[in-house]
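A.B. asks: Below you'll find the structure I mean.
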Amino acid sequence: MAEPKSYLKKKRILAVDDEEDILETIVDILEESSVDTARDYKSASRKIKENRYDLAVLDIMGVNGLKLLEEAVERGIPSVMLTAHAINPETLMSSIDKGAIAYLPKEKLSELDELLGKILSAHEKGEPPWKLLFDLLGEYFDQRFGADWKKKDKEFWMEFNRDYHVGKGIRERLMHDERILGKGI
């Protein structure tokens with residue numbers, strides 16, 4: 001686990017969750033990072049608009065996390081959805097569409113530093129973080145959602161699988177990425 005921890009060292013991260021104990025756990029786990037926290041939509045939205053972050057970790061329920069995801073993407077902040085109650089294929093697909101770089105179950109909170117380190121590293125290197133996520137947690141999703149969970153939304157997943165880089169979420173992030181916009185692409 002040392003590699004991902006060192007990758008997150010000194011990264012500025014916004015963690016948003018309505019549960020204080022979850023935020024405290026995130027702060028403890030990401031001790032090598034500078035973690036800013038928010039417990040509600042309004043304060044999280046203000047922080048997204050007023051600050052620069054290397055990463056946002058957003059709960060879905062209780063804080064309007066999907067709306068915060070849209071705001072973070074607009075500001076060019078890579079965002080990871082972290083959820084317990086909203087863990088289902090629909091919010092996973094919505095997170096992809098809205099530009100999240102990953103979707104993590106709170107059940108994996110003890111591995112957060114390792115997962116975030118790998119995912120953020122892949123994202124910053126231009127490697128597909130979703131491919132990495134499904135390599136790491138594909139079995140978890142299959143067990144949680146059922147072995148054939150992608151069949152219900154076959155068209156979505158066929159398009160998604162053509163190329164992990166290309167999709168509405170990726171295009172949305174790229175439209176707000178100053179590194180790309182500055183090149184006239």
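None of the figures in this text is laboratory data; all of them are computed from the coordinates on show. In this text the structure is predicted, and so the values were computed from the model without any measurement. When we count neighbours, we look across all protein chains shown, and the Cβ atoms used for this are built from the backbone with ideal geometry, even at glycine.
A.B. asks: Residues to consider are Asp113, Asp17, Asp36, Asp97; find the one that is charged (D, E, K, R), touching a strand residue (DSSP E or B) at 6+ places or on another chain (Cβ under 6 Å) and either within 21 Å of Trp149 (Cβ to Cβ) or crowded, with 19+ Cβ neighbours inside 10 Å (or both).
C.D. replies: Sole residue among the options that is charged (D, E, K, R), touching a strand residue (DSSP E or B) at 6+ places or on another chain (Cβ under 6 Å) and either within 21 Å of Trp149 (Cβ to Cβ) or crowded, with 19+ Cβ neighbours inside 10 Å (or both): Asp17.
A.B. asks: Tell me whether segment 128-145 contains one or more residues that are part of a helix (DSSP H, G or I), of a type in the set (A, V, I, L, M, F, W, C) and surrounded by fewer than 16 Cβ atoms within 10 Å (Cβ to Cβ).
C.D. replies: There is at least one residue in segment 128-145 that is part of a helix (DSSP H, G or I), of a type in the set (A, V, I, L, M, F, W, C) and surrounded by fewer than 16 Cβ atoms within 10 Å (Cβ to Cβ).
A.B. asks: Considering each residue of segment 17-43, count those that are more than 13 Å from Leu82 (Cβ to Cβ) and either of a type in the set (Ser, Thr, Tyr) or outside any strand (DSSP E or B) (or both), and give that number.
C.D. replies: 14
A.B. asks: Residues of segment 92-114 being among the polar types (S, T, N, Q) and farther than 20 Å from Ile22 by Cα, which ones?
C.D. replies: Of everything in segment 92-114, those that are among the polar types (S, T, N, Q) and farther than 20 Å from Ile22 by Cα turn out to be Ser94, Ser95.
A.B. asks: Scan segment 95-111 and report the pairs whose first residue is without any contact (Cβ under 8 Å) to a residue 40 or more places away in the chain and whose second residue is of a type in the set (S, T, N, Q), with Cβ atoms within less than 6 Å and a gap of 6+ or a chain change.
C.D. replies: Tyr103/Ser95
A.B. asks: Mind checking which pairs have a first residue in segment 35-55 that is free of Cβ contacts under 8 Å to residues at least 12 places away in the same chain and a second that is surrounded by 12 or more Cβ atoms within 10 Å (Cβ to Cβ) and aliphatic (A, V, I, L, M), Cβ under 6 Å, 6 or more apart or different chains?
C.D. replies: none
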